[in-house]
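Each remark here refers to the structure printed beneath this line.
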């Protein structure tokens, strides 16, 4: 099974190799110390200014995913490679079983759509997280239906379709604010799924603002997810269609098979 387009797998593999190359120290929260964060961000190609506070959501997300999938393990004040590192390496080399590779890819994609809430998450955000949960899955369902045409879907038009369908979910006090939050969440998740090889986004032909590029890099996404451009189109890859179809079937939905 080919997963060479899955950038998330490659980044996690870089992280696993980096951890395995040396004795890495972590703090009492299980996070890398500043010097280690700078070194790892450089290895991953993430933008970093060593003169500033190192706070890159992209690195934090990768670190937590690596722990969740046993790619790395915390041992007291150190971090070591976990059993999942070998599975990841085999998947990228094409040496693992197709079933194991597909399971790993699918579970990571699920983690992008439904990210786990860290224990350190600030209190009070549960309601917003719960409110945001159904938006991305429904967008992917609409995208699956749209893919029956054989053509990519207009990203903005599909977002408007989603907002129209879920209009009843928008709080009456400030519907525009919450519509914007939903749209941002969808775009940023699509960027993560594009990096993972589940969707393909085209039409970003303009030269992005360098500030947007830096911000997007720290978030681990592309510039169009931070500052959307008109004319973007989105389509599911073969793996993406498999992912969405399996999730819809699990919900007992009627799902036509789309080639």
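With the highest mean first, a sort of the peptides 69-80, 160-171, 136-147 on other beta-carbon atoms found within 10 angstrom per residue produces 136-147, 69-80, 160-171. With the simple spin-label model, which puts each label point 7 Å out from Cα in the Cβ direction, the residue 93 to residue 130 separation comes to 4.7 nm.
Pairwise alpha-carbon distances in the chain exceed 34 Å for 19% of all pairs. Using only Cα positions of segment 7-113, each an equal point scatterer, no hydration layer, compute I(q)/I(0) via Debye at q = 0.12, 0.23 Å⁻¹ and quote the log10 values to two decimals. Scattering profile of segment 7-113, log10 relative to I(0): -0.40, -1.31. At a Förster radius of 35 Å, what calculated FRET efficiency corresponds to the Cβ-Cβ distance of residue 106 and residue 74, to the nearest 0.05? Computed FRET efficiency for residue 106 and residue 74: 0.90.
Here the extension length gained between residue 21 and residue 174 equals 50.0 nm, from 0.36 nm per residue of separation less the Cα-Cα distance.
The slack in the chain from residue 148 to residue 213, taken as 0.36 nm per residue of separation less the alpha-carbon distance, amounts to 20.1 nm. Contact order, relative form, for segment 126-250: 33 percent (alpha carbon pairs under 8 Å, 6 or more residues apart, mean separation divided by residue count).
Taking the longest Cα principal axis of the chain as reference, the axis of helix 84-93 is set at about 70 degrees. For the chain, modelled as a GNM whose springs connect Cα atoms under 10 angstrom apart, the maximal fluctuation among 13, 25, 98 occurs at 98.
Return a whole-number percent for the relative contact order of the chain, with Cα pairs under 8 Å and 6 or more residues apart as the contact set. Walk me through the intermediate numbers first.
On the way: 275 pairs, mean separation 56.3, N = 259.
Relative CO of the chain lands at 22 percent.
Taking the number of Cβ atoms within 10 Å of each Cβ as an exposure proxy, the fewest-first ranking of 101, 202, 237 is 202, 237, 101.
Each value in this text was obtained by applying a stated rule to the coordinates, not by laboratory testing. These numbers were taken from a predicted model, which means no experiment stands behind them. Using ideal geometry, Cβ is built from the backbone for each residue, glycine included, and neighbour counts are taken over all protein chains shown.
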